[in-house]
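What follows is a set of notes on a single structure, which appears directly below.
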Amino acid sequence: MHKTFLRPLAVAALCGAVLAGCTPSGTTVSGKVVTPANLKLGPNDSLTILFHPEDPANTKSVLGVYAPADNTFVAKEIMPGKYKIQVQMQGYTNTPDAVQKHMEKLSSTYSREATPLKYEVVNDPKQSITIDLDKGTVTKS
C-alpha cells in the first residue's frame with residue numbers, strides 16, 4: 001500500500017525537477033556606460049545599473065554588474081520585454097563635494113521613477129548597448 005502511494009509522488013517530484021530545469025533563464029545584456037565628460041568616477045565610487053520591467057507582473061528587476069576600469073557592465077538572466085534603466089551613483093570618503101553633488105543629480109535624473117532610459121530586451125543570447133548618461137540615451141552597440 002505504501003509503495004502504491006509513494007510511486008505517484010516520486011513521479012511528480014521527478015517531473016517537477018525536470019520542468020524546473022527547463023525554465024527560461026533569459027539573456028545577457030552587456031555594454032558600456034558613458035558618463036558626462038566633467039564627471040570622473042574615483043576608484044572607490046560606485047555606479048549601479050538596474051533593469052526594471054515596465055510590466056513588473058511579467059518579470060523581475062535585474063542588476064547589472066559594473067566594471068569601473070573600462071566603464072562596462074553585464075546584466076544576466078534578463079527575460080525579454082521592455083525595461084526602464086535606473087542608474088545610481090555613490091561617492092565615498094575622498095569624493096569631492098562638487099563631484100558628489102553631480103552624482104546625486106544624475107542619480108535623481110536616472111532614478112527608477114524618472115529615468116528616460118528604456119530598452120527592449122529581445123530573445124537574443126547576447127545583446128550589447130551603450131548607456132549615455134550625458135545624452136540620456138540607450139543605443140544598440
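No value in this document is a laboratory result; all are computed from the given coordinates. Fair warning: this is a prediction, and the values are worked out from it, not measured in the lab. Here the Cβ is made from the backbone with ideal geometry for all residues, glycine too, and neighbour counts use every protein chain on show.
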Do any chymotrypsin sites (Phe, Trp or Tyr not before Pro) in the stretch 74-127 lie in a loop, going by DSSP, with at most 15 other beta-carbon atoms within 10 Å of their beta carbon, and if so which? Y92
Just how far, in whole angstrom, is the stretch 96-125 from the stretch 29-70 if you go by their alpha carbon centroids? 8 Å
What's the exposure ranking of K105, K84, going from fewest to most Cβ atoms within 10 Å? K105, K84
Rounded to two decimals, what ratio of Rg to Rh does the stretch 25-140 give with C-alpha atoms and a Kirkwood Rh? 0.97
Among the lysines, select those whose C-alpha is under 18 Å from the C-alpha of K118, and discard any that sit fewer than 8 residues away in the same chain. K32, K60, K76, K82, K84, K126, K135, K140
